[in-house]
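S.K.: Provided herewith is a single structure, encoded as structure tokens, for subsequent inquiry.
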Amino acid sequence: MTLEGKVALVTGGGRGIGKGCALELAKAGATLIVNDRPGSPDLEATVREIAELGGMCTGIEGDVFHREGCEAVAAEAWERYGGIDLFVSNPAFSRRSAFLEFDPQVFEQVIQGTLIGGFHMSQLIARRMVERGNGGKIVFISSVQAEIPASGSTAYNGAKAGLNHMARTIAAELAAHRINVNVIEPGWIETPGEHQSFWEDRIREEESKLPWGRIGTPSDIGQAAMFLCSEAADYITGSILAVDGGYRLKDCLPETAILPKDR
């Protein structure tokens, strides 16, 4: 699979899953535009790492949680390259809290950053893809928590579930323009954010429960994004791909089965 000759924009690409997607798209030959928040300490390092791999990459700072920031990033990307062929939407903001104590303002921030920001950026990019008339690929980064009602994540779970259904609806509307729209659901992935949220021993404990025997990496998600952005996925749209090492199956394994007594 090759992405030679394609221009790709990855939002939230400074670190973690976004960076993993940017690196894998660059390895496949795409020219990268990587976005991260204003003042990000990670953006320059990611651009430099892609350049060291022999890839072409431009970094654009911008707040893609809000319309104005999305408009600025989209305009700069289009001005520099004249078009975007591939778009990986990875804005996210997550805070955990019990439902009864959840701060309403924080709830709205999570919905804004994770769901509404994804709408704004994808709409702006899709409009230009339609105007250009060459089709395109849009990949949303969601989460297995769109399907699993994990306690303490009311806002994030709701935002990701909404993102999934929004993406399927967008796929239906853009099919006539030959713009593929798909979703990746990561499971537990080894990212800086996870290490900020959990103690190391908790991460290793959860890792031991995964059917695949290891926690996921940003590269695992990046390779799935690269596939969905390639010609090999031209007949796939409106799909949701879980890349979770069996995370959703960890309570369904033979050793956890509740079996009837032998008779």
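S.K.: Of the residues that make up the stretch 233-247, is at least one assigned to a helix (DSSP H, G or I) and surrounded by fewer than 18 Cβ atoms within 10 Å (Cβ to Cβ)?
M.R.: no
S.K.: Is there any pair with a first residue in the stretch 207-227 that is at positive phi and a second that is surrounded by 18 or more Cβ atoms within 10 Å (Cβ to Cβ) and not charged (D, E, K, R) whose Cβ atoms are under 9 Å apart and which are 6 or more apart or on different chains, and what are they?
M.R.: What qualifies is GLY213/GLY245.
S.K.: Looking at the stretch 34-45, I want the residues that are free of Cβ contacts under 8 Å to residues at least 40 places away in the same chain and have a partner that is among the basic types (Lys, Arg) with Cβ atoms under 7 Å, at least 6 apart or on another chain. Which pairs are those?
M.R.: Short answer, once both residue conditions are applied: ASP42/ARG15.
Every residue, every condition in (1) surrounded by 20 or more Cβ atoms within 10 Å (Cβ to Cβ); (2) hydroxyl-bearing (Ser, Thr, Tyr); (3) under 19 Å from VAL243 (Cβ atoms), yes or no:
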position: ASN134; (1), (2), (3): no, no, no
position: SER142; (1), (2), (3): yes, yes, yes
position: GLU147; (1), (2), (3): no, no, yes
position: ARG168; (1), (2), (3): no, no, yes
position: ALA172; (1), (2), (3): no, no, no
position: HIS177; (1), (2), (3): no, no, no
position: ASN182; (1), (2), (3): yes, no, yes
position: GLU200; (1), (2), (3): no, no, no
position: LYS209; (1), (2), (3): no, no, yes
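S.K.: crowded, with 20+ Cβ neighbours inside 10 Å, assigned to a helix (DSSP H, G or I) and in contact with a helix residue (DSSP H, G or I) (Cβ under 8 Å, 6 or more places away or on another chain): does that describe ALA155?
M.R.: Values: crowded, with 20+ Cβ neighbours inside 10 Å: yes; assigned to a helix (DSSP H, G or I): yes; in contact with a helix residue (DSSP H, G or I) (Cβ under 8 Å, 6 or more places away or on another chain): yes.
Against the criterion (crowded, with 20+ Cβ neighbours inside 10 Å, assigned to a helix (DSSP H, G or I) and in contact with a helix residue (DSSP H, G or I) (Cβ under 8 Å, 6 or more places away or on another chain)), ALA155 qualifies.
S.K.: Now, a different point. Could you check the stretch 143-161 and list, in sequence order, the residues that are closer than 19 Å to ASP103 by Cα, within 14 Å of the chain's Cα centre (by Cα) and not hydrophobic (A, V, I, L, M, F, W, C)?
M.R.: Residues satisfying the conditions are TYR156, LYS160.
S.K.: Select from the stretch 177-200 the residues that are at pLDDT 80 or above and not in a loop (DSSP other than H, G, I, E, B) and list them in ascending order.
M.R.: Across the stretch 177-200, the qualifying residues are HIS177, ILE179, ASN180, VAL181, ASN182, VAL183, ILE184, GLU185, PRO186, ILE189.
S.K.: Further question on the same structure: Which one of these does LEU174 not meet: (1) assigned to a helix (DSSP H, G or I); (2) out of contact with any Lys or Arg (no Cβ under 7 Å at 6 or more places or on another chain); (3) at pLDDT below 95?
M.R.: Failed condition: (3).
The values are calculated or read from the model by the stated rules, or taken from the named source; none is laboratory data. Since the structure is predicted, the reported quantities are computational estimates derived from the model, not experimental observations. Cβ sites come from the backbone with ideal geometry, for glycine too, and all protein chains shown count toward neighbours.
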